[in-house]
Amino acid sequence: AHTAAAQTAQEATKPISAVEFGGTDVSDGAYKAGEYNGLQNKGGLGIGHFDLRGGAAYNDDSALRWRIKGADLGLDTRSLSGEVGAQGVFRFNFGFDQLRRNRSDSYQTPLQGAGSNVLTLPGGWQVPTIAGSTATNNVVNVLSARGLLTTIGTARYINTQTNSATFTGLLTPTAGQISSVSAASLTDVPAFQNYNLHTTRTKFDLAFDYSFDPRWGVSGEFRPEHKDGVKPMGTVSRNTGGDISTIIPDVVDTNTYQTDMRVNFRGAKGFAQAAYYGSIFKNNVPFMQWQNWATGPTATGAINFGTAVVNTMSSTPGNQFHQFSGSGGFNFSPTAKLVVNGSVARNTQNDSFLADSTTPVVPVSSLNGLVINQSFTVKFNARPAKKLSLTAGYKYDNRDNRTAVHVFQYSDAGEAPAANTSFVAGPSNPLGAVLAQNANANRAYSKKTNQANGEADFALSSRQWLKGSYEYERNNRDCYSSWISCADAAITNEHSLRAEYRATLSDDLTVRVGYTYSARRTPNYNENAFLALVPYTNVSPAAATGGATAYSVMVANGWTGWGPASGYAATTGNMNMFFPSNNALANAMYGNLNRISELPGMRRYYAADRNRDKIRTSATWQATDELSFQGNVDYNKDHYADAIYGLQDTNTWAANVEGMYAVATDLSLSVFYTYEDLTAGSAGNTYTANSNTATLTGALATTIGLSGNSCDGFTTLQQRNNNNKLDPCLNWFTDRIDKVNSAGVTLMGKEAWDTKLDLTGNFIVTRARSDNTVTGGNWANNLLMGPGAAPTTTAAYFIAASALPTVSTDTYELRLNGRYAVTKTQALHLAYTYMRMTSVDWMYEGMQFGSLSGILPSNEQPFNYSVHVFGVSYVLSF
Amino acid sequence: AQQVGTAKALLDKDFVCTTCHDASSPKKIFSIYQTRHGNRADARAPGCMDCHGPSDKHIKDPGTGTDVVFTAKSKHLSAADDRNASCLKCHDSKVLPRTNWMGSQHQARGVACSDCHNIHVPDQKVMSKATQAEVCFTCHKAQRVQTRRISSHPLAVTGLGTTAKMSCSDCHNPHGATGPTLLVKNTVNETCSTCHAEKRGPFLWEHAPVVDSCVNCHTPHGSANAPLLKTRVPWLCQDCHSGDHGNQVNSAANLLGGNVTTVNGQQQLGAAAPRAQTGARACLNCHVLVHGSNHPAGAKFQR
């Protein structure tokens, strides 16, 4: 008996090594099914795992032990790790981990060279067009990617040539137009080829730990990481007078090197550490370059190869982050502890800028960017009485961006630069002439956080606890060296109060209820913060009188960039120059191609006034020795009371219930159901400029009716035009609602049913539904209004917004694993997995042939798959 | 920490307990000797009574519990503070110090070390990437299902079920931290940058909410809106942008066949396309470098 007991002890204490090998078969290739698990391709794959352990036994005087472990060796998700060490003296670790992420197996592009950073159109590429008309020619081919679908490209179209006798009439395309559309489609469509998009991250890890004595030690880690592959990326070009977009295969080829070094002091009453963390990121792709599919002749379908304009996109620059930190904890007594942490880091970036003819003014060749990050925390924890615990803490974080500010001039998206005649060189223009459509100053954002908190936890009894806490957080935001404050909210203050009750109501039942209320306030929300981007707002344009600048006019009148809002009024003098037709601050007056100011009342939610309510509840009930239940309900509400536009509210609630049943000693069953509901509501307004235009071509607007609106009472076009900026019909509101139901069953059996079978089974189903209700709308002029139209013809229709189709995603996964012990050291492992996803998403409509005019189709499809995976492997333990 | 004779001395101390709780015990008590805690050559490694207490009463009357009972379902289960005190005797400052534990979210909510750790088994679930999330999801139920959304980090075990490629502890330090929500670094952005270093910058053109916090736009555990977005674009962008074309209403009227493309049923499909901001990648069709651009023409995140 003694020998048997010793043998059992030896078995129980001896580390078990194992090797597993076999094969698996995947029934169908599906990138999404194999997104992170290496099972993306149809066919067979090897199964390989091992776990080898060795070294001194537990009762040996040597503490030396080692372990080498490998997993998923036959898949693209393989990993390998190992360690050897004499515990308490030294340890050395290494690791290798590969992660393939599949992004799309339905992406298509006509661009050649995918996988490299230079993409070219195929020889013979023709600019896709549709049959159409312009104001001067009613028989032309108009640039449009929709023409790749010939039924769209050769459809009847409206005659928009104003001097045509059949203006507004429907025209049937001519043979020449059809030929041009068809030629492009016939040439271009076959050029679209599948290119599977995936990226692979490969990580290595080397680490050591050495103790000089029980108190002093050093440790370190070096983690080089390489990432490569291709992912989709939107790009924009503006060579044709309008914006066109191409989803290009963006090459990823980067290296990141992370290093940790630590010196530790471990004492009986305290601990201290000095540490260094470094992270160096390098991008091996200097830029992405592609030929613009929309440049070249369009009317005749002439071959465009060689004439396409080349566009260039910058790649993410390399950067470095070096941080030194110190931390320490000291126990003043068994019931009082002080912990202090502090760090300072230097984050830099200095990759050379890409400059070309679209960037006529680039004052420096690289950013020489510098951000200093400082952090400091102190926390004091005490238990003055057995029933009372107190915690007080303070935290300081500072992202101090010290990057210099310069003014860069450029045109958008590859367009040829055009000088701004409002800002010419001269004594009144200290910033110099504006040579391109945009003259922008970079903004070096900084943020400083001060946070203090106190918490008390009181034991009402041996089974009940009450906790209360208060936290104050102040954030300061600004920009180094900016000519005007860049921060929407230079200061935000937030106060939070929390109460929580925990109780063990009986031996079988525990509950927890918590409530948190937070109020964040921004004393002075700055609606003119956008001006930091456009320093010419503070330069007097050539046509201004009295040296006025856009900024001075705004300040004098108390306006934002949106301009006066008291109904239409003809403006004169400087006001008319800066806010023509009572519109927003004219873009050219601040040297920017786009209107970048926001609606008055727009509050950016991350800095806006906010009231937050959080409720947390949970209960655990051990009904019997075999049966237990767990449930919880969480609720969050954020309300942005001051936001007239922008995010208004978010509401989230989730409920979970779970039951666990021990069917037998070695067989258990658990079932759960979770429901989550997320709602976000936003408001906006589609305003356009007020206008005194009284006519729509062909008829007097004052006598022509409007149709479809019901909220503004306007009956004539002129009324609408005069009040476009204040039309209440243009207010819109969206409610985005995500509802997700999830349920799962898990069965676990060890030597189930008194057999040699270990069995685990999981089934999880998730049904997600995303809805978006939209109210409001916009006006559209009647394109059939023209010369000779009847006086009663409707001038403009109000197009009501309507709810988006439901986006749905259903996923099912069944996973069964059985392990049958053939002998004490050998087992057969059988695995079966079924993965299924069905998804419907309107977003993909815009990626197909014949959908969007200015976006080259990528023909990506919503994820739908049904995959069976079978695996069988042999396991040897020793 | 290695000393000749250490192993024997420690094992002799354990013998008080292992006399009864021997290897034949249905509980996996002896397997602790496969673990770091059971490495008897390390003088720092605890003996049974270092964690469970001298337990004089238990020795005399096995029907009573030890001084400190860790078994979750035991009627003698000790209070969380008492269980933690056993661990902190070493782990407060001397061995793998958990300096920030006191006052941390888990400590303050009555979580005990043994709620997550089972130090008697050689492969603790919480210490393995493939199984750690299971342990965390015991309490964090919402996160469990979020990892099953169409857009997620690789936290869920899928496929053959052998590996998860991320663990909760890649981002969170459950033992207490200086960052918010127990993040491993001082801030959200510092934490995210440990993997997403390409988004760290600084960039020539910074996007204010990005440098403020990644979670202004992203929800890291999983989302119905790829890529891990709180809500779908273009509305996510319109929550902050109402200028220029950002002020337009986007609805089903802008989709293929929607009312905008067929005004009063009279405007032909060939003549008007759905709004680009509503289709495909919406705002990201053009403004793709929203995390920051380093191109002199990239102020609008287009280059």
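Residues of region A:376-404 losing 50 Å² or more of accessible surface, assembly versus chain alone, probe 1.4 Å, please list them. Flagged in region A:376-404: A:379, A:381, A:399. Fully extending the segment from residue A:545 to residue A:421, taken as 0.36 nm per residue of separation minus the present Cα-Cα distance, adds 43.1 nm. With contacts taken as Cα pairs under 8 Å at a separation of at least 6 residues, region A:419-521 carries a relative contact order of 20 percent. Using 0.36 nm per residue and subtracting the Cα-Cα separation, the extra length available between residue A:222 and residue A:404 on full extension is 62.3 nm. The residues of region A:30-97 expose on average 39 square angstrom of accessible surface per residue, using a 1.4 Å probe on protein heavy atoms. Sorting A:861-868, B:278-285 by their mean Cβ neighbour count within 10 Å, with the most densely packed peptide first, gives B:278-285, A:861-868. Once the Cα atoms are used to define both axes, helix B:80-91 deviates from the longest principal axis of chain B by about 80 degrees. The modelled label-to-label distance for the pair residue B:22/residue A:460, using points 7 Å beyond Cα in the direction of Cβ, is 5.0 nm. Computed about its Cα centre, the charge dipole of the protein assembly as shown is approximately 1560 debye, with only Lys, Arg, Asp and Glu carrying charge at their Cβ. Among the DSSP helices (H) of chain A, those spanning at least 18 angstrom by Cα along their long axis with an average Kyte-Doolittle hydropathy of -0.5 or more are A:175-188; this is a geometric and hydropathy rule only. In this structure, the amide hydrogen of residue A:149, modeled 1.01 Å from its nitrogen in the peptide plane, lies closer than 5 angstrom to those of A:850, counting only residues at least 5 positions away or on a different chain.
For region B:97-121, accessible area lost to neighbouring protein chains reaches 20 Å² or more, against the chain alone with a 1.4 Å probe, at B:97, B:99, B:100, B:102, B:103, B:108, B:109.
Each Lys or Arg adds one and each Asp or Glu takes one away; over the other residues whose Cβ falls under 12 Å from the Cβ of residue A:71, this sums to 0.
A Förster distance of 60 Å, applied to the separation of the beta-carbon atoms of residue A:481 and residue A:333, puts the FRET efficiency at 0.75.
Overall, the accessible surface of region B:30-144 at a probe of 1.4 angstrom is composed of carbon and sulfur to the extent of 60 percent. Once the C-beta distance of residue A:364 and residue A:396 is scaled by a Förster radius of 25 Å, the resulting FRET efficiency is 0.20 to the nearest 0.05. Label point 7 Å out from residue B:226 along Cα-to-Cβ: which residues of region B:135-155 have amide N under 16 Å? Once the point is set 7 Å along Cα→Cβ of residue B:226, B:147-155 turn out to lie under 16 Å by backbone N, inside region B:135-155.
Counts of other chain beta carbons within 10 angstrom of each beta carbon in peptide A:125-134 average 1.
Computed on protein heavy atoms with a 1.4 Å probe, the accessible areas place A:222, A:287 in the order A:222, A:287, largest first.
Length gained on full extension, residue A:611 to residue A:820: 69.5 nm, using 0.36 nm per residue less the C-alpha separation. Sequence-ordered 3J(HN,Hα) estimates for region B:35-47 from the Karplus curve with 6.51, -1.76 and 1.60 and θ = phi - 60° stand at 9, 5, 5, x, 6, 6, 7, 8, 4, 7, 5, x, x Hz, glycine and proline given as x. For chain A, the average shadow cast by the Cα convex hull is 46.1 nm², which is a quarter of the hull's surface.
Using only Cα atoms, find the angle between the long axis of helix B:6-18 and the longest principal axis of chain B, and express it within 0 to 90 degrees, rounded to the nearest 10. Orientation of helix B:6-18: about 80 degrees from the principal axis.
Interface size, chains B and A: roughly 14100 Å² of accessible area buried, both sides included, 1.4 Å probe, rounded to the nearest 100. Other residues whose C-beta falls under 13 angstrom from the C-beta of residue B:182 contribute a net charge of +2, scoring Lys and Arg +1 and Asp and Glu -1.
Spin-label model, residue A:388 to residue A:324: label points 7 Å out along the Cα-to-beta-carbon direction sit 4.2 nm apart. Solvent-accessible area of region A:76-176 (1.4 angstrom probe, protein heavy atoms only): carbon and sulfur portion equals 56 percent.
Simple rule: put +1 on each Lys or Arg Cβ and -1 on each Asp or Glu Cβ in chain B, find the dipole, and look at B:279, B:100, B:226; the Cα lying farthest toward the positive end is B:279.
Over region A:776-878, accessible surface divided per residue gives 40 Å², non-protein components excluded, 1.4 Å probe. For region B:33-78, the fraction of alpha-carbon pairs lying more than 15 Å apart is 51 percent, rounded to a whole number.
Rounded to the nearest 20 debye, the dipole magnitude of region A:1-127 is 260 debye, with +1 charges on Lys and Arg beta carbons, -1 on Asp and Glu beta carbons, and the Cα centre as origin. The helix-only estimate of mean residue ellipticity at 222 nm for chain B, built from DSSP H runs of length n ≥ 4 each weighted as -39500 (n - 2.57), is -5500 deg cm²/dmol after division by the residue total.
Accessible surface area normalised per residue over region A:445-522 is 48 Å², counting heavy atoms of protein chains with a 1.4 Å rolling probe. Remark: spin-label model distance residue A:767-residue A:94 equals 5.1 nm, labels positioned 7 Å along the Cα→Cβ axis. Here the alpha carbons of region B:92-157 define both size measures, Rg and Dmax, at 14.0, 44 Å. Just the protein heavy atoms count here, and of the accessible area of region A:419-540 at 1.4 Å, carbon and sulfur take up 55 percent. For chain A, the mean residue ellipticity at 222 nm estimated from helices alone is -1500 deg cm²/dmol, where every DSSP H run of n ≥ 4 contributes -39500 (n - 2.57) and the total is divided by all residues, rounded to the nearest 500. Distances between placed amide hydrogens fall under 5 Å for residue A:723 paired with A:691, all partners being 5 or more residues away or on another chain. The distance linking region A:441-471 with region A:726-794 is 36 Å (Cα centroid to Cα centroid, whole angstrom).
The values are calculated or read from the model by the stated rules, or taken from the named source; none is laboratory data. Keep in mind the model is a prediction, meaning the values are calculated, not measured. Positions of Cβ are backbone-derived with ideal geometry, glycine not excepted, and every protein chain shown enters the neighbour counts. With ligands, DNA and RNA removed, areas are computed over all heavy atoms of the protein, side chains included. Shrake-Rupley method; radii C 1.70, N 1.55, O 1.52, S 1.80 Å.
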